[in-house]
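In what follows, a structure is listed as structure tokens, so that the remarks can point back to it.
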Amino acid sequence: MSSKKLEKKLQAIINLQAKQIALLNEEIVLLKEKIGLLENKKNSNNSHIPPSQDVNRLKKNQSLRQPTDKKVGGQPGHEGTTLECRSVVDETVKHIPETCNCCGCNLSNNIETLVSTRQLLDIPTIVLNCIEHQVYKKQCSCGHTTTASFPQYVAKPVQYGPNVESLIGYLHARQHLPYARAKEFLNDVMGLPISTGGIHNILQRIAQKAMPMYNAIKEKIEQASSIGADETGVNINGKTHWAWTWQNDKLTYIVCAASRGFKTIKETFEHGLPNATLIHDRWPCHFQTNAKAHQICSAHLLRELNYITELYKDKCIWAKEFKALLLDAINLKKELNTADYYYSNIKRDALFKRLEQSLLYTIDEDHKKGKTLQKKLLAKQECILYFLLQSNVAPDNNGSER
């Protein structure tokens, strides 16, 4: 074989190997990324995943709560709770000795002296109370007969009273007891002969009674200046639905819907929330909501930054610095009083400058998750620290999640 042919053959082999090496390098990068994702799975502390879906317990150092110089436990000035003796008692049980425990003499005729008291707080025996309503009639001297009427809430020959309805509403809405367990409690503890169907009917009546208040809450929410929004998956008859929440410190409005899209928001608030700053977790349909302004939930961002930091083994400098920026902003929020929002503030101005620089920072190409998050935040820059411009806007929507 001539030297030219040999050279050509070797060159072809080299070119082939170069292509194979390039492909293998690409595959190695992808595999490393997959390994990183497997080794650093998302959980409730570094993503939007709820705590109920965490596979294992979180590491102790993963909490968003920052350490302080305070000791563990109750703080000075904290009001404790303990059982206290009552001045008015319902029943008194006297324990008087009848015989001398030394010589055995009868002490029945001796005068006793009170030494000490102890009080026992207990629940009285629960007995079902049956109240019979009777309607009478009377005839007047004019010849007319007048018949009394049953109260409006006594509409059937036999029915459950308002206290029973209130208790069922409480067990369902506040204690979240399923129908079967509520029935078991009412049957076994209260001695109340009620079925799951009866519980369902009572809850339907309570819901109808509550509708005027429910609608009034919605009207107040539409007029509010600051609203936190969130949506949480719930299982209804084996199918995933969504509990949508709009709330602030005074009001909470919840809608259950099959859709997690903008359709639900549009059906609930036809004209949006034009008077409000809407605080949310960057779910796209929230940005579609017509609002005065939007505030991205800082708690969600901190969890995402935690995940990126874990994924790249603390090597993504941008994630660490952006987390520090958010924490500094949250701490500044705690320092500001109402008057501070109307004047220039050096610390606040510095934070906005840091934000601008951070969103333009060049992130390492290997830190793709960081670059992706940075790009998304750059498009919504005005929504990151908006809470520093308005006294009534919170930095997170934790209230909605709760």
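The values are calculated or read from the model by the stated rules, or taken from the named source; none is laboratory data. The structure displayed is predicted, hence computed values, not measured ones. Because the Cβ atoms are built from the backbone with ideal geometry, glycine has one as well, and the counts that use them run over all protein chains shown. These area figures cover heavy atoms from the full protein model, side chains too; ligands, DNA and RNA do not enter into them. Shrake-Rupley method; radii C 1.70, N 1.55, O 1.52, S 1.80 Å.
Tell me, what is the percent relative contact order of region 332-402, built from C-alpha pairs under 8 Å that lie six or more residues apart?
About 37 percent, as a whole number.
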Which entries of 19/375; 41/334; 313/371; 34/380 show an alpha-carbon separation above 21 angstrom in the structure shown? 19/375; 41/334; 34/380
Long-range amide H contacts for residue 294: which residues qualify at under 5 Å (H placed 1.01 Å from N, peptide plane, sequence gap of 5 or more or a different chain)? 278
Between region 367-397 and region 216-233, how far is it from one alpha carbon centroid to the other, in angstrom? 21
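Rank by packing, highest mean first: peptides 384-394, 140-150, with packing defined as the count of other Cβ atoms within 10 Å averaged across residues. Before the final figure, lay out each step's value.
Numbers: 384-394: 19.5, 140-150: 7.7.
Packing order, densest peptide first, comes out as 384-394, 140-150.
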With θ taken as phi - 60° and the coefficients 6.51, -1.76 and 1.60, list the Karplus ³J(HN,Hα) couplings across region 151-166 in order, rounded to whole Hz; mark glycine and proline as x. x, 4, 7, 9, 9, 10, x, 9, 7, 7, x, x, 5, 5, 4, 5
Top positive-direction residue, dipole computed over the chain with Cβ charges, set 357, 207, 103: 357
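Set the bar at 21 Å for Cα to Cα. Now go through 315/347; 323/368; 183/239; 239/263 and name every pair that lies beyond it.
Details: 315/347 28 Å; 323/368 17 Å; 183/239 24 Å; 239/263 18 Å.
Among 315/347; 323/368; 183/239; 239/263, the Cα-Cα distance tops 21 Å for 315/347; 183/239.
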Please report the net charge: other residues with Cβ closer than 10 Å to the Cβ of residue 165, K and R +1, D and E -1. +2
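First check a/c for region 264-402, with a ≥ b ≥ c the square roots of the eigenvalues of its C-alpha gyration tensor; if it is under 1.5, answer rounded, and if not, answer prolate when a/b is larger than b/c or oblate otherwise. Walk me through the intermediate numbers first.
Numbers: a/c = 2.00, a/b = 1.24, b/c = 1.60.
Cα axes put region 264-402 in the oblate bin.
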When Lys and Arg each count +1 and Asp and Glu each count -1, what net charge do the other residues less than 11 Å away from residue 336, Cβ to Cβ, add up to? +2
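Leaving out ligands and nucleic acids, and using a 1.4 Å probe, what accessible area per residue does the chain come to in Å²? Intermediate values should be presented prior to the final figure.
Numbers: 29720 Å² over 402 residues.
Here the per-residue accessible area is 74 Å².
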With a ≥ b ≥ c taken as the square roots of the eigenvalues of the C-alpha gyration tensor of region 243-303, please select rounded if a/c is under 1.5 and otherwise prolate if a/b is larger than b/c or oblate if it is not? rounded
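Dipole magnitude of the chain about its Cα centre, charges +1 at Lys/Arg Cβ and -1 at Asp/Glu Cβ only, in debye to the nearest 20?
1780
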Leaving out same-chain residues fewer than 8 places away, which lysines sit with a Cα under 18 Å from that of residue 250? 218, 220
Using alpha carbon centroids, what distance separates region 27-43 and region 123-175, in Å? 66
Against the longest principal axis of the chain, how steep is helix 196-223, in degrees 0 to 90 to the nearest 10, with axes from Cα atoms? 60
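Please grab the % of Cα pairs in the chain that end up more than 30 Å from each other.
Details: 53504 of 80601 pairs.
Summing the P(r) of the chain above 30 Å gives 66 percent of all pairs.
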Measuring from centroid to centroid over Cα atoms, what is the spacing of region 239-312 and region 186-204 in Å? 36
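At a 10 angstrom cut-off on C-beta neighbours, averaged per residue, how do the peptides 103-111, 179-187 rank from highest to lowest? Intermediate results must be reported in sequence, preceding the final value.
Values: 103-111: 8.3, 179-187: 16.1.
Put in order of decreasing packing, that is 179-187, 103-111.
Based on the mean of other beta carbon atoms within 10 Å per residue, what is the order of 336-342, 85-91, 172-178, most packed first? All intermediate terms of the calculation are to be shown ahead of the outcome.
Values: 336-342: 10.7, 85-91: 7.4, 172-178: 12.6.
Order by mean packing, descending: 172-178, 336-342, 85-91.
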In degrees, nearest ten, helix 368-379 long axis to first principal axis of the chain (Cα): 70
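How many percent of the accessible area of the chain is carbon or sulfur, using a 1.4 Å probe?
54
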Taking Cα atoms, the helix 179-188 axis meets the longest principal axis of the chain at an angle in degrees (rounded to 10) of 30
